Amino acid sequence: MTTTGTHPARYPGAAGQPTLDTWQEGPHNRWTFAHLGELLPTASVSRRFPAAPVEATDRLDALALPGLGRRLEETYTDAFLVLHRNHVIADYYSPGFAPDDRHLVMSISKSMCGLVAGALIDSGEIIPSARVVDYVPELAGSAYDGPTIQHVLDMAIHLNYSENYVDPASEVQTHDRSAGWRTRRPGDPEDTYAFLTTLTGNGTVGEFQYCSANTDVLAWIIERVTGLRYPEALSTYLWSKLDADLDATITVDTSGFGFANGGVSCTARDLARVGQLMLDGGKGPGGRVVSEGWVRSILAGGDPQAMMDSSFTAIHPGGSYTRQWWCTGNERGNVTGIGIHGQYLWIDPLTDTVIVKLSTWPEPESDQLHELQNQLLLEVSRSLDQPSAAAETAPDSKENAA
């Protein structure tokens, strides 16, 4: 058994972790009875009837893009929302999906984790030039023994880690199993903490390698610095400052560790608020999350010379990655969070616009669908270069905007 040290308890004064055998007993039940979704599968009991519309609902006329609804359907869209100057001017929801339904955002979760890390770097609690093992000594001897926090933020570490989502032998599937996303196999690490200690590499840094494990390492560092479980840190440093309509959710493993790299679910409107935070220089309705300098660094982009992802550069030749965000390097300065199966949080600084597209592609990755979606997002952004009367007269209230 891998020893990964002491981790934040699920509740104050907890004696160990609640399990399937102990959750109904005191003192665990004082916490588990209000947090059962962290231990057992749960189903929603909708307050609406019928629970969701049987047909697609949309407000797309303000964009004046012929065939937009059809294009959204063809790219397996569940929710699409355009937030222009902090007003919702267009949205679309597929049959069976409603505006206040939460949707899994996959790796856009990484961009949120990057903001939490940024808040702690701004406060001086995390030093980006410090080594990972200075915060998490349990990672000594792994691929993270040597690289700095900045290397993790920018995914500039070589790891023996295959991000092939459909290969049962890949490290990403072992990662999923350790996190409770797939059926465990004999010999799998007992939780995400233990999995992270198993990763190896050739010791080099400086070139981009997309690896979901990096974000969970960041979350582990966040836990060590704050003394909070990652879901609590995500709430404290980000979600509670957005004036969100609804709580977000995040999956947790058997130890209670939040799946920072891909486990967040939220509404399209609340996700757009994360993008608006970026356009507002890091300040949300509930207070500052990150400094203006942190946001400027993301919008300026990372090092294009470090970008080794040919599928990304095929669409964005000047593209880069920094602080858990994808940077297109195009003339508009578009920056985006991206998740498999078609999740996008697209920021267009030129028009003060955020576009959310939540989808369910049949496969995790598709070069064709990525290209179609990026073209669509660019067209929507360009359509707002000359704002229409509809965009100018968007509703003012939060309730109407949502």
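The values are calculated or read from the model by the stated rules, or taken from the named source; none is laboratory data. As the structure is a prediction and not an experimental result, all values here were calculated from the model. So basically every Cβ, Gly included, is an ideal-geometry build from the backbone, and we count neighbours across all protein chains shown. Side chains included, ligands, DNA and RNA excluded: accessible areas come from the protein's heavy atoms. Shrake-Rupley method; radii C 1.70, N 1.55, O 1.52, S 1.80 Å.
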Residue list for the range 198-209, filter: within 22 Å of Asp154 (Cβ to Cβ) and open to solvent by 10 Å² or more (accessible area, probe 1.4 Å): Thr200, Gly201, Asn202, Gly203, Thr204, Val205, Gly206, Glu207, Phe208, Gln209
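Could you please let me know if Asp176 is of a type in the set (D, E, K, R), modelled with pLDDT of 95 or more and part of a loop (DSSP other than H, G, I, E, B)?
no
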Within the set of pairs 6 or more residues apart or between chains, which connect a residue that is without any contact (Cβ under 8 Å) to a residue 24 or more places away in the chain inside the range 174-185 to a residue that is hydrophobic (A, V, I, L, M, F, W, C) with Cβ atoms less than 8 Å apart? Thr174/Phe195
Any pair with Cβ under 9 angstrom, 6 or more apart, that starts in the range 337-359 at a residue that is touching a residue at least 12 places away in the same chain (Cβ under 8 Å) and among the basic types (Lys, Arg) and ends at one that is assigned to a strand (DSSP E or B) and open to solvent by less than 10 Å² (accessible area, probe 1.4 Å): Lys357/Thr77; Lys357/Ala79; Lys357/Phe80; Lys357/Leu81; Lys357/Gln343; Lys357/Tyr344; Lys357/Leu345; Lys357/Trp346
Among the residues of the range 245-302 satisfying the criterion of being of a type in the set (Lys, Arg) and assigned to a helix (DSSP H, G or I), which is nearest to Thr183 (Cα to Cα)? Arg269
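Does Phe80 satisfy the condition of being within 22 Å of Asp100 (Cβ to Cβ) and in contact with a Lys or Arg (Cβ under 9 Å, 6 or more places away or on another chain)?
Judged against the criteria, Phe80 is a match.
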Those residues of the range 210-251 which are farther than 26 Å from Gly287 by Cβ and either open to solvent by 30 Å² or more (accessible area, probe 1.4 Å) or of a type outside the set (Asp, Glu) (or both), in sequence order: Tyr210, Cys211, Ser212, Ala213, Asn214, Val217, Thr251
Take Thr183 and decide whether it is among the polar types (S, T, N, Q) and open to solvent by less than 20 Å² (accessible area, probe 1.4 Å). no
Quick check, is Arg48 over 19 Å from Thr267 (Cα atoms) and either within 24 Å of the chain's Cα centre (by Cα) or among the basic types (Lys, Arg) (or both)? no
Filter result (free of Cβ contacts under 8 Å to residues at least 24 places away in the same chain, part of a helix (DSSP H, G or I) and exposed (fewer than 15 other Cβ atoms within 10 Å of the Cβ)) within the range 28-67: Asn29, Arg30, Leu36
Counting only residues that are open to solvent by less than 50 Å² (accessible area, probe 1.4 Å), under 20 Å from Lys241 (Cα atoms) and out of contact with any Phe, Trp or Tyr (no Cβ under 6 Å at 6 or more places or on another chain), give me the helices (runs of 4 or more DSSP H) lying completely in the range 68-173 with at least 3 of them. 108-122
Among the numbered criteria (1) surrounded by 13 or more Cβ atoms within 10 Å (Cβ to Cβ); (2) at positive phi; (3) not aromatic (Phe, Trp, Tyr), which one does Gly5 miss? (1)
Criterion first (within 12 Å of the chain's Cα centre (by Cα) and open to solvent by 20 Å² or more (accessible area, probe 1.4 Å)) does Ile338 satisfy it? yes
Could you count how many residues in the range 120-147 are in contact (Cβ under 8 Å) with a residue 40 or more places away in the chain and within 25 Å of Ser320 (Cα to Cα)? 9
Between residues in the range 13-26 that are among the hydroxyl-bearing types (Ser, Thr, Tyr) and residues that are open to solvent by less than 80 Å² (accessible area, probe 1.4 Å), which pairs lie under 7 Å by C-beta distance while being six or more apart or on different chains? Thr22/His28
Where Met308 falls short, out of the listed (1) of a type in the set (A, V, I, L, M, F, W, C); (2) open to solvent by 10 Å² or more (accessible area, probe 1.4 Å); (3) within 15 Å of the chain's Cα centre (by Cα): (3)
Subset of the range 341-359 (residues that are part of a loop (DSSP other than H, G, I, E, B) and buried (at least 22 other Cβ atoms within 10 Å of the Cβ)): Gly342
Working only within the range 365-387, note down all residues that are exposed (fewer than 15 other Cβ atoms within 10 Å of the Cβ) and either among the small types (Gly, Ala, Ser) or at pLDDT 85 or above (or both). Asp367, Gln368, Glu371, Gln375, Glu379, Arg382, Asp385
Cβ pairs under 7 Å, 6+ apart, first in the range 210-239 and outside any helix (DSSP H, G or I), second surrounded by fewer than 24 Cβ atoms within 10 Å (Cβ to Cβ) and of a type in the set (Lys, Arg): Arg229/Arg10
